[in-house]
Each structure stands twice: as C-alpha cells, then as structure tokens.
Amino acid sequence: MRVTSQTRTIGPTVATGLSVLLTIIIGALGPSAMVPPLSGPAWQPPYFLNVQPDPHLMIALAALAIVLGGAGLLGSLWWPGSPTRARALVLFGCVAAGVLAFLPPSGSADHLNYAAYGRMVTLGIDPYTHGATDLPGDPIADAVEQPWREEPSVYGPVATAVQALASLVGGDSVRLTVFALALFNAAAFILTGLLIDRFTRHDPDRRLRAALLWTANPLLLYQLVAGMHADTLAIVCMVAALLARAHPVRSGLLLGLGVATKLNAGLVALGPAWELRRRPGRLALMAGAAVAVVAVGYTVVGWAGLEPVTRTSKAISHASFWKLFQGLMQSVIGPGSAYRGEVQVGSLLLIALVAWSLFRVTARGVAMVGYGAGPPGHEQGTTGRARAIPSHGDTGSGASAAKVHGRVEATLNAPEPAPGTTGAEADTTQAHTSDPSADAGTTEAGPDATQAANRNTEAEPDAATTGDGRHASDHDTSTDANTTNTGPSAAQTGSRDAGAGPDAAATGSGGSGAGGRDTGAGAQGGVDAPVVAAVLVVAYLFATPYILPWYDGLAFAMLALVGASAVDRFAAAHLVVLSLAYLPARVNPAAVPEDVEWLRTVVRAQVVPWALLALTAGLVWWAWRAAARARTRPTSTVRPP
C-alpha cells in the first residue's frame, strides 16, 4: 500500500480517539481510584454507573489513556494530515468536552475543594482563611479529601466567584455543585478552542495544528476537562485578551480577569506589555484596566486572599527535578534546612536561561514565529518586522485573502534569478505570472509592493534561510533544526512550513481574530505578544519548582497562537511525563491500594524528576543548536542589484 500523508495520520488519529474513549469510560464507571465519590440524588448530574471497578484496572486504564494520548498528539504533530480535517477535529474536541461535563471528574479531587470554597462563600465564611475542617458536618465540606481539608483557597477572586455561583446552584448536593462547576469548565475549554480556531482560520495548516494542540488534544481533555481544573477559566481569559489587543482597555480587562482567576497566568500579560513598550499611552490603558480588575477583585474578597498564594509559592512539587536539587543540598550540607531560598534563586536563573534560549530562536525566525497580527496594511515577517501588503478589503478570509496569500507565496517561491537579473525583477515577474486571476484592485498594487517585500526579505537574509526543509505538502507543522537548506532554496522550502519562515508573512493581518483588523501586534517591530507570552510560559513550566500536569494547559494555548516548532513536541512530552507522575493525583488510602504505592515513591519521586530534567536540558540544547545553525548559514546566493 502506498504511504501518503493521509494514511500516516491513521495511527495517531486512532490513538487519540482511544485515549478520549478511555477517559470517558473512566468517568462513566463511577467512583474508583481515579474518580472521587459524589454524594447527592442519583437523578442529578453528573451521571455514572457506580460499578465499583477494581482500582488497579482504573489506574491501568488511566495510564493507557495518557500513553495513547501522548502517542496520538506527537504523531499528529509530526503527520498532521489534510488541513481540511481541522473543522472535524474542533467538533470532535467540543463534543468530547461536552460529554465529559456530564461525567464525574477524574484524576484528582481538586473539584471537591472548589465546591467547598464556594460553599464557604455562600455561608459567609472566608475561604482564604478557613479550610473544610471549619465546616464540620457540612455535606460539601465533608467531601474534601486529605491533605487539603485544612488548606484555604489559593485561587483568585474570579475563580472564587464561579465556585460560589456553582454552590448556589448545587445547594447541599455535592453532585449538582460539581456539575455546575463542570459546565463552567467545559464552556471555558470549548470557548478557548473556538477563539483559537477563529484566530487561525485564515490558514488551513495553522488551523489544523491549533486544533491538534488544544481542542482535540487528548491530554488536555484528560487533564483540564475530565480533571476539571480552574486553570481552564484563566486560560480562556488570557487567550481572549491576546486576541483583543487592538482594544487596550478590553484586552486589559480580560488580562485582569485571568490574573484574578489564577495569579501565574499573569505571565501572559508580559507579552502585550512588551509589544506596547514604545506606545506608553496604550500600555497605560491596558495595564490600568488589568490592575483595576485585580484590585477590585481582591478588595471584594479581602487582601488576605494573597497570603495562601505567597505561602505556597515556595513549595516544591514531588515530581519536580528541584526535589533532586533539594535532596542533594540536604545530603551534602545537611538536612537542617529545606533550602527553599536556594531553590527559588536557582529556578529563576533557569527560567531566564530557558526564556533567553527560546528568544534567540524566535529572533532568527527558526521557531515560534508570530502569525502576523499586525496593523492593517502590513504583515508580520519571520523576524517580526512589518512588510507592506495591500490594505484593500478583508485579508482575513474569503477570496481576497486567498489571492493575497497566493500572490505572496508565489513571490516567495520564485525560482532563483538568472545571472544579471536582480531578485526584485525576478520576483516581480513571477508574481505577475503565477496568478492570472488576481487583479491589482483586490491584491497588490503592482510591482512596487512586490519589490518592497522582496527588498525587506533581502535585508534580512537570515530570516530567508531559516526554513527547516519540511514541505507543506506533507502537512508537517514541526520545525527541525537539522536542516541543511541554504540560500534561496531554503527560503523556498522554509516558506512552506506552517510555523516558521516567510510563509508566516504571507498571511499577515489576516491572522487576527477579528477578520484582519489590527490586533496591535508587531507594530513596532520585533516579536509580537503571543510569541513573548509563549516563550515565558514555556520557560516557566519547564523550570518552576512547583509543577502539576494541568498547569501545562496554558503553554498549549499559547503555542497554538504562534508558529510551529520542536517546542510543540517538547511540551507534549512534558505533559505525558507529568501526567504519568500523578496516577492518580489523590492521597486517599481508602481509594488507592498500598501495592501501587510505588507509583508515588518510585515513578513520581525518582523517575519523573530525572525525565523532566532531561526534557528541560534537551529544550535548551535544541534552542541553542537551532539558533546557531540559523546564524551560521550562508545568507543568500542572490547577486545584489
């Protein structure tokens, strides 16, 4: 049988489908080692069979769901298949999220904490200074599992407001309260997917990759939807804020809502802040709106809400490789200290190193390049510099966008000019002959625009030679640093990459979530807000001392907004490893048998930290190697005019 790009997707697609099916089965079987029990009338949602399955079987099913999900995600990123299936993937993910909302949450017991915090608010008790033990005999508080019964809330006022609203709906029923929370959570996940899909709709390849990274990502369906974590609420606010950057106040309000949901989401706000660093007026509006939302939120709930966050900020999770460093310090210097200060300093230095390494890659246009949400009349190149494109009509969708994309792509894929012919002349000729159906009224204003774009390309030879040689006909959205393409041939093949190279420039302002309107990106040159946000979030998640699997959801949302690269695969591997570390993420002797304690003492405490350290080192090594290769390539073989 002839192997094609379509047949290569069969394996990853089947693995993804089986992973999601197993996730659904785990919830449908009812209370188990993976699913905490929910009290309440049986007619109330969520619904389950209550068959009391064997705990070993359920943990095995969860492990299989994670492994299959990781294989499906990694395989799909390598062989995405036809871009026409993007809409079907979005629909698949939305339907799966809707189904999971009607099943009991699995994987951890965090949703019981959420229900208890909301219950406290409705009873007039401060969730930031009290724990579930302060409500003895309450049906909601009694459902909270150890070791969280004494812990106050670490979530922001927006998350607390959602929890209180769910408590008002659920009353004394744990079951109905959790279901209300699940509806909010699934709606946030679906809305995030639809926003990302709208942002990438101008380019089929990018739309497909975005669906794979978020909406149809089996690992995120397992962790964020089936696991029902508050991170999903913060993520939808941050994604919406990045897509609303044309309106500083609106974007600032959304950023504030995200930070007021979960503080670590505030890393995303640094992206728009960097982008507007030379526009202090707009920056002040955005920052003022964001700060106002956060200030109002914490004024309402009380500034004591920040105390649990500052306390837990020094924690080190058991799966973090910083536990290895902590153990090393205690064995060498002495066990008298937890060395949390040293760990914090070391983690900040490592975050800076990872971020710097990734910024070096983006600066050379090798990876994570922005999708070009620039001001009208410009498109975002691989290095973030604006290039002139026509401003006639809506370049974000429809026939106009197709013509613009075809004309610019034809220019970028033009053959090497003959000796004695300037690059501008050759590209202009190619642009006029490749698309006879196009006219200047709807696309480009004659050869001057083409020559201007070409001159910009020649002025940045490194950007023109950073393609990874993987052709878009295979629909591969990954970037490989082992490319040997140089000169114009590299520009031609690299421009077809869905994530990097000059093709990123070919879609320009159509990448905005508002049909080609200005989203405020890259107007000043340099990397745009989503790229900055993605780099900082990835660096944080790979280097922070306290990390849990569902935290990675924010990274996938940011990566879906930028160009493809090997970072996608590093993030996927990172989430697989972390997910296997928390099977399950519960500390309940009654639910988890003693003979699987090795999952916590060996896998979580010993194997996973080393694996995460290797992934972090591998990410830094890849970034430096890719940036070095881009810098040392021959700039161009085109003779100067």
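Side notes on the structure shown:
- Per-bin percent of Cα-Cα distances, region 67-149 [5 Å]: 3, 12, 15, 15, 11, 9, 9, 9, 9, 6, 2, 0
- Largest first, the residues Leu613, Leu112, Leu194 sort by 1.4 Å accessible area into Leu194, Leu613, Leu112.
- Across region 224-267, counting alpha-carbon atoms alone, Rg and Dmax equal 10.6, 34 Å.
- Global form of region 182-223, assessed from the alpha-carbon gyration tensor, a/c cut-off 1.5: oblate
- Residues Leu123 and Trp356, FRET efficiency given R0 of 60 Å [Cβ-Cβ distance, rounded to 0.05]: 0.80
- Put a dot 7 Å past the Cα of Ala60, heading toward its Cβ, do the same for Leu613, and the two dots end up 3.3 nm apart.
- Across region 304-362, the volume of the C-alpha convex hull divided among the residues equals 119 Å³ per residue.
- Of the whole protein surface, Leu263 contributes about 70 Å² of accessible area at a 1.4 Å probe radius.
- Note on surface exposure: Trp148, Trp214, Trp322 rank Trp148, Trp322, Trp214 by accessible area, highest first, 1.4 Å probe.
- Between Glu594 and Ile10, full extension at 0.36 nm per residue minus the direct alpha carbon distance yields a gain of 206.3 nm.
- Solution diffusion estimate, µm²/s, Stokes-Einstein, region 1-74, Kirkwood Rh from C-alpha pairs, 4 °C, viscosity 1.567 mPa s: 93 µm²/s
- With only the Cα atoms considered, region 522-593 has a convex hull volume of 93 Å³ per residue.
- The distance linking region 587-634 with region 174-220 is 26 Å (Cα centroid to Cα centroid, whole angstrom).
- With all protein chains in place and ligands, DNA and RNA left out, the 1.4 Å accessible area ranks Ser39, Ser82 as Ser39, Ser82, largest first.
- Between region 128-160 and region 46-77, the alpha-carbon centres lie 28 Å apart.
- Our Cα-only numbers for region 200-316 put the radius of gyration and Dmax at 16.2, 48 Å.
The values are calculated or read from the model by the stated rules, or taken from the named source; none is laboratory data. Remember, it's a predicted structure, so these values are computed and weren't measured experimentally. For neighbour counting, all protein chains shown are included, and Cβ atoms are generated from backbone atoms with ideal geometry for every residue, glycine included. The protein model used for the area step is the full one, side chains on, heavy atoms only, and it has no ligands, DNA or RNA in it. Shrake-Rupley method; radii C 1.70, N 1.55, O 1.52, S 1.80 Å.
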